[in-house]
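Q: The structure under discussion is supplied below as structure tokens; questions concerning it will follow.
Each reported figure results from applying straightforward, stated rules to the coordinates on display, with no laboratory input. Bear in mind that the values here come from a model prediction, so they are computed numbers and not experimental data. Ideal geometry is used to build each Cβ from the backbone, glycine not excepted, and the neighbour counts take in all protein chains shown.
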Amino acid sequence: MTRAELARIIFEKVGLPKKEAQDIIEIILDTMKQTLAEGESVKITGFGTFNVRKKTPRRGRNPQTGEEMEISARRVITFKPSNILKSMIERHDDQGGQ
Amino acid sequence: MTRSELIEKVSERLEGFTLKQAEIIVETFFETLSEALSRGEKVELRGFGNFRIKTRNPRKARNPKTGQAVEVPGKRVVYFRTGKELRDLMNSKDG
């Protein structure tokens, strides 16, 4: 599913013009991005939590050249699905389990 | 930031919508994402990130207390990968 399909479904469910649905998706995602970039986590009840984790600098290797280098400190986002989402997803495995 | 704070922020940025309408839209957004994922669909939100479903195969394991062999059923789990734009944004400011 892409952004455009998401907009189409929201448009059908809420009766919002497609262009507007697209703009609103943009605003939702942008608001979450700005919050995460400030280092704050985003907790959406029923969906999941986006957390910001700090990684300390560490030594690594360039896998192509084998050269040793310092991997700088960085911030990464982790997503933890809510129990509701987890069980929604898990439940479907009976159809595909061989 | 919580869901209701997100709704507030979004409604401040939306012209001509009430808080209640913003709430319905934000809820529909996450509901639609959840439904797509539970159908096993991948969701690609360019600039933000991708959600995809990974299948864990059934496996044999042991109950560590009793040593008894048990069959762990396969399951599906959701996995999020941050998009490039957001990844860059996370590391553009000193944090």
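Q: On the given criteria, is residue A:68 acidic (Asp, Glu), more than 8 Å from chain B (Cβ to nearest Cβ) and surrounded by 13 or more Cβ atoms within 10 Å (Cβ to Cβ)?
A: In short, no.
Q: Let me ask something else about it. Does region A:11-33 hold any residues that are out of contact with any Phe, Trp or Tyr (no Cβ under 9 Å at 6 or more places or on another chain) and closer than 11 Å to residue B:1 by Cα, and which are they?
A: A:31
Q: Let me ask you something else. Quick check: is even one residue across region B:24-38 of a type in the set (D, E, K, R) and over 19 Å from residue A:43 (Cα atoms)?
A: No: region B:24-38 contains no residue that is of a type in the set (D, E, K, R) and over 19 Å from residue A:43 (Cα atoms).
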